[in-house]
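The values are calculated or read from the model by the stated rules, or taken from the named source; none is laboratory data. Please read these numbers as outputs of a predicted model, since none were measured by experiment. Neighbour counts are summed over all protein chains in view; Cβ atoms, including those assigned to glycine, are modelled from backbone coordinates with ideal geometry.
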Amino acid sequence: MKILYVVMILVLISPAMAVTCFFSNEFNDEVDLHVSDYCTAYYKTNENKPWFGGSDNNGVEVEVTTADETVEIESEDRDCLLKVYKDLSDDESHVYVCTCHQDMCNYPYSWDEFRDRGYTLSQDADSRLDYEVSD
């Protein structure tokens, strides 16, 4: 009987821990909503098309590349980290990798809006990034 109560509690709690995230990418121009464990946004500095989504894992590690090497530039207390990805031919890509844990926190800002906000999704001005990569 105790097991039944535990299972019922877990079933009731699990949707409460999920968040609704915006979803769009280079193949899907329409912005959809998906339920995930946390939300993501990616802004490649040399492209004008960001992409948005979420993940169903615990958010401990977020990587979006098959590149040979990754160099982290910003500190981990930010909602958006600037990362440099090097591919096998040693070409670099600068990508802001953003994660957040509230409903619809990955609002699909354009690159210009994201830059003007201080490279953050956060509404809190204190979390804005000070580092900028030239386009």
Subject >> From the options Glu72, Glu47, Glu63, residue that is modelled with pLDDT of 50 or more and farther than 16 Å from Phe114 by Cβ >> reply: Glu72
Subject >> Set Asp29, Asp90: member being acidic (Asp, Glu) and either at pLDDT 75 or above or surrounded by 13 or more Cβ atoms within 10 Å (Cβ to Cβ) (or both) >> reply: Asp90
Original post:
Mind checking which residues of segment 93-121 are surrounded by fewer than 16 Cβ atoms within 10 Å (Cβ to Cβ), free of Cβ contacts under 8 Å to residues at least 60 places away in the same chain and not in a helix (DSSP H, G or I)?
Top reply: Ser93, Gly118
